[in-house]
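Structure, as structure tokens:
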Amino acid sequence: GRDRLMSNTAKKKPTLRRRQTQEKKTMAKETNFEAYSADAQKAFSEQTAQVAARMEDVADFAKGNVDAMIASATKATESMKDIATEMLTFAKSSMDANMAAMKDLSQSKDVSEFVEKQSTLTKSSVENFAKQAQKLNEMTIAAAKECAEPVNARLAAVGDIVKGGVRN
């Protein structure tokens, strides 16, 4: 009987020890899970904040692109208005000059005077046309440069982003 009693007692002690060890392991696992869960939640929150910030960057950049296109279109409209005004002014002054020249031609006293006046009128018309064409060419080049400025600035911003620089 005594052996049996000892064997029961001996069995109970390891069982109690095992249970205590198992409880410690379970508590450690729960503590580890809680720590892991807290770390995962923190990492998720940080990643979500970073994604939201990047989305704001993308939205701001897209707004900058739209603003650049609007600025470019506005400059193009203003430039075309100026060019059209210049062309109309030239057309009116040419018409007035031609009317005055026709009146002058009609008052020629002989064919020689008529040919001389017509030659002078032709030369003057060609020179005026060449000057006006040069002026319109310069206005068009200036307009193209002005219209390209906002778009070029956006392209430069893309280059900065690709290089890892500052976002605009």
Q: Leaving ligands, DNA and RNA out of it, report the carbon-plus-sulfur percent of the accessible area of the stretch 122-167 at a 1.4 Å probe.
A: 62 percent
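List the pairs from Lys81/Lys135; Lys81/Lys131; Lys75/Lys123; Lys42/Lys63; Lys103/Lys123 whose alpha-carbon separation is above 25 Å, in the order I gave them. Intermediate results must be reported in sequence, preceding the final value.
Details: Lys81/Lys135 15 Å; Lys81/Lys131 20 Å; Lys75/Lys123 36 Å; Lys42/Lys63 31 Å; Lys103/Lys123 17 Å.
Result: Lys75/Lys123; Lys42/Lys63 exceed 25 Å.
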(Q) Can you return the aspartates and glutamates within cross-link range of Lys145? Criterion is Cα-Cα under 16 Å, with same-chain partners fewer than 8 residues away left out. (A) Glu78, Asp82
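Which FRET efficiency, nearest 0.05, do Glu149 and Leu88 yield, Cβ-Cβ r, R0 25 Å? Provide the component values of the computation, followed by the final result.
On the way: r = 27 Å, r/R0 = 1.07.
Calculated transfer efficiency: 0.40.
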Q. With θ set to phi - 60° and the Karplus curve 6.51 cos²θ - 1.76 cosθ + 1.60, what are the ³J(HN,Hα) couplings of the stretch 128-137 in order, to the nearest whole Hz, using x for Gly and Pro?
A. 4, 5, 5, 5, 5, 4, 5, 5, 5, 4
**Q.** Largest-first ellipsoid semi-axes for the stretch 81-168, taking √(5λ) over the Cα gyration tensor eigenvalues, angstrom
**A.** 52, 12, 4
Q.
Can you return the lysines within cross-link range of Lys25? Criterion is Cα-Cα under 24 Å, with same-chain partners fewer than 8 residues away left out.
A. Lys11, Lys12, Lys13
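The values are calculated or read from the model by the stated rules, or taken from the named source; none is laboratory data. These numbers were taken from a predicted model, which means no experiment stands behind them. Quick reminder, even Gly has a Cβ in these numbers, built from the backbone with ideal geometry, and neighbours come from all protein chains shown. To get the accessible areas, we keep the full protein, side chains included, count just its heavy atoms, and leave off ligands, DNA and RNA. Shrake-Rupley method; radii C 1.70, N 1.55, O 1.52, S 1.80 Å.
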